[in-house]
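As structure tokens, the structure follows; a few thoughts come after it.
The values are calculated or read from the model by the stated rules, or taken from the named source; none is laboratory data. Everything quoted here is computed from the prediction, not taken from an experiment. All Cβ positions, even for glycine, are placed from backbone atoms using ideal geometry, and neighbour counts span all protein chains on display. Areas reflect the complete protein model, heavy atoms only, side chains present, ligands, DNA and RNA absent. Shrake-Rupley method; radii C 1.70, N 1.55, O 1.52, S 1.80 Å.
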Amino acid sequence: MTLSVRSATIGDAEAIAAIYAHHVLNGTATYEVMPPTEAETVEKIRMVSERGWPFLVSCDGSAVVGYAYATQFRDRPAYAYACENSIYVAHDRRGGGIGKLLLKALLQAAEAYGFRQMVAVIGGGEPGSVALHEACGFEHVGRLTGMGWKAGRWLDTVYMQIALGGGTATAPVASGKD
């Protein structure tokens, strides 16, 4: 296995959509119930990339085996330095270090963009996702009980957070975001 991480391209949309579709249909980490189409995935890649936010894929050779991206946490201007991550690994490749590779690269890319905080919003409180984020330095900051109904049960949402760069110790570098 030769894993690499690179920026996602529109050409990755089919693989990204397939990876996510499996999680939508078979898991509780996302509260979506209908997988986005390939065309909707293309638009997501475009939107994230056009804003300069990181959208990464992990490849084994030329095959996309996982992806991760960061988007501004909320759309109001004061949130310009806070982001939320999304990370998914192909269901048959979980447990092989792909998630950690992607998340570490995403942390670096988000910091380089200028984000100062990253939040993980973990649907279903998925143990694997919680463990991955803990391994990368995230701290538990909250749990919302019974926020989603999927797979015939109520699901909690776990919030985890990590500071990037100077975190809250200094004001952000002026970039026109504020």
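Amide H contacts of Phe55 (H built 1.01 Å from N, in plane; Pro and chain starts excluded): Ala8 sit under 5 Å, all sequence-distant by 5 or more or on other chains.
Springs between Cα atoms under 10 Å define the GNM used for the chain, and in it the highest mean-square fluctuation of Tyr88, Tyr69, Tyr31 occurs at Tyr31. When nucleic acids and ligands are ignored and a 1.4 Å probe is applied, Ser4 ends up with an accessible area of around 50 Å².
In the chain, helical runs assigned H by DSSP with n ≥ 4 each contribute -39500 (n - 2.57); averaged across all residues and rounded to the nearest 500, the mean residue ellipticity at 222 nm is -9500 deg cm²/dmol.
Among 34-43, 49-58, how do they line up from the highest to the lowest mean number of other beta-carbon atoms within 10 Å? Working shown, then result.
Numbers: 34-43: 14.6, 49-58: 17.9.
Final packing ranking: 49-58, 34-43.
Database remark: amide H of Arg143 closer than 5 angstrom to the amide H of Tyr159 (H placed geometrically; neighbours at sequence offset of 5 or more, or on other chains; Pro and chain starts carry no H).
The charge dipole of segment 108-178, taken about the Cα centre with unit charges on the Cβ atoms of Lys, Arg (+1) and Asp, Glu (-1), comes to about 200 debye, rounded to the nearest 20. Taking every protein chain into account, the 1.4 Å probe leaves Asp60 with about 40 Å² of accessible area, to the nearest ten.
Which shape class, rounded, prolate or oblate, goes with segment 42-141 when its Cα gyration tensor gives a ≥ b ≥ c as root eigenvalues, a/c under 1.5 marks rounded, and past that a/b bigger than b/c marks prolate? Oblate is the answer for segment 42-141, as a/c is 1.5 or above yet b/c matches or exceeds a/b. The slack between Arg6 and Glu50, meaning 0.36 nm per residue of separation minus the straight C-alpha distance, is 14.2 nm. Derived scalar couplings between HN and Hα for segment 27-35 equal x, 10, 5, 10, 8, 5, 10, 10, x Hz in order, rounded to whole Hz, by the Karplus curve 6.51 cos²θ - 1.76 cosθ + 1.60 (θ = phi - 60°), x for Gly and Pro. The stretch between Val141 and Glu14 holds 42.3 nm of extra length on full extension. This uses 0.36 nm per residue minus the Cα-Cα distance.
Computed extension gain for Asn26 through Ala39, at 0.36 nm per residue and net of the alpha carbon distance, reaches 2.5 nm.
Shown in residue order for segment 86-101 are the 3J(HN,Hα) couplings computed by the Karplus curve 6.51 cos²θ - 1.76 cosθ + 1.60 at θ = phi - 60°: 9, 8, 9, 10, 3, 4, 8, 10, 5, x, x, x, 5, x, 5, 4 Hz (x for Gly and Pro).
Of all the accessible heavy-atom surface of the chain, with the other protein chains kept in place and a 1.4 Å probe, what percent is carbon and sulfur? Whole-percent figure for carbon plus sulfur exposure: 53.
If you place +1 on the Cβ of every Lys and Arg and -1 on the Cβ of every Asp and Glu, how big does the dipole about the Cα centre of the chain come out, in debye to the nearest 20? Intermediate results must be reported in sequence, preceding the final value.
On the way: 15 positive and 17 negative charges, 59 e Å.
Magnitude of the dipole: close to 280 debye.
Approximating the spin labels as points 7 Å out from Cα along Cα→Cβ, the Val173-to-Lys104 distance works out to 2.4 nm. Between Ala131, Ala112, Ala17, the GNM of the chain built on Cα springs shorter than 10 angstrom shows Ala131 fluctuating the most. Structural descriptor for the chain: relative contact order 20 percent, calculated from alpha carbon pairs under 8 angstrom and at least 6 residues apart.
For Gly66, the residues whose amide H sits under 5 Å from its own are Ser58, Ala90, ignoring neighbours fewer than 5 places away on the same chain, with H placed 1.01 Å from N.
Rolling a 1.4 Å sphere over the protein heavy atoms, what is the accessible area per residue of segment 14-138, to the nearest Å²? The partial results should precede the final answer.
Values: 5760 Å² over 125 residues.
About 46 Å² of surface per residue is accessible.
Accessible surface ranking for Leu103, Leu132, 1.4 angstrom probe, highest first: Leu132, Leu103.
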